[in-house]
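This report refers to the structure that appears directly beneath it.
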Amino acid sequence: MAVREDPERNEDRVLERLIPSFAGLRVLEIGSGDGRISRKFAPAAASVIAIDPDTEDIESLKGELPAVDARAIGIEELQLPPQSIDVAIFSWSL
């Protein structure tokens, strides 16, 4: 089940501090769930690959953010060319 909220806005503060702008960045989100975090940066990013083994969550993400390359896989299955992402995000996922 995806985490639906961060009432203390910890993730927002950390993202803003570490990555003030996602403009033009190629982002990999590991453990994306249904796109709760993706929604915050996807509009500005050059590209987003979002992975999560939960097929239902990935389908939800695809429906809401069709420009995101959303894949129902685990990190061990992900194959990307070298230097194809600028930043990887892994938040609240085990």
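Values quoted throughout were computed directly from the atomic coordinates according to the rules given, and no laboratory measurement underlies them. Remember, it's a predicted structure, so these values are computed and weren't measured experimentally. Neighbour counts run over all protein chains shown; Cβ positions are idealised from the backbone, glycine included.
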(message) Taking θ = phi - 60°, what integer Hz values does the Karplus form 6.51 cos²θ - 1.76 cosθ + 1.60 yield along segment 68-73, in sequence order, with x for Gly and Pro?
(response) 7, 7, 9, 10, 8, 9
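Quick one: length gained pulling R9 to L25 fully straight, 0.36 nm per residue minus the C-alpha distance? Mind dumping the intermediate values first?
Values: separation 16, 0.36 × 16 = 5.76 nm, distance 2.25 nm.
Using 0.36 nm per residue and subtracting the Cα-Cα distance, I get 3.5 nm.
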(request) Kindly provide the chymotrypsin sites (Phe, Trp or Tyr not before Pro) of segment 4-94 that DSSP labels as loop, not H, G, I, E or B, and whose Cβ sees at most 13 other Cβ atoms within 10 Å. (result) W92
(message) Suppose we take every Cα in segment 21-90 and form the convex hull; what volume per residue is that in Å³?
(response) 73
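Can you tell me the FRET efficiency between S84 and S60 if r is taken as the Cβ-Cβ distance and R0 is 35 Å, rounded to the nearest 0.05?
The pair S84/S60 has a calculated efficiency of 0.90.
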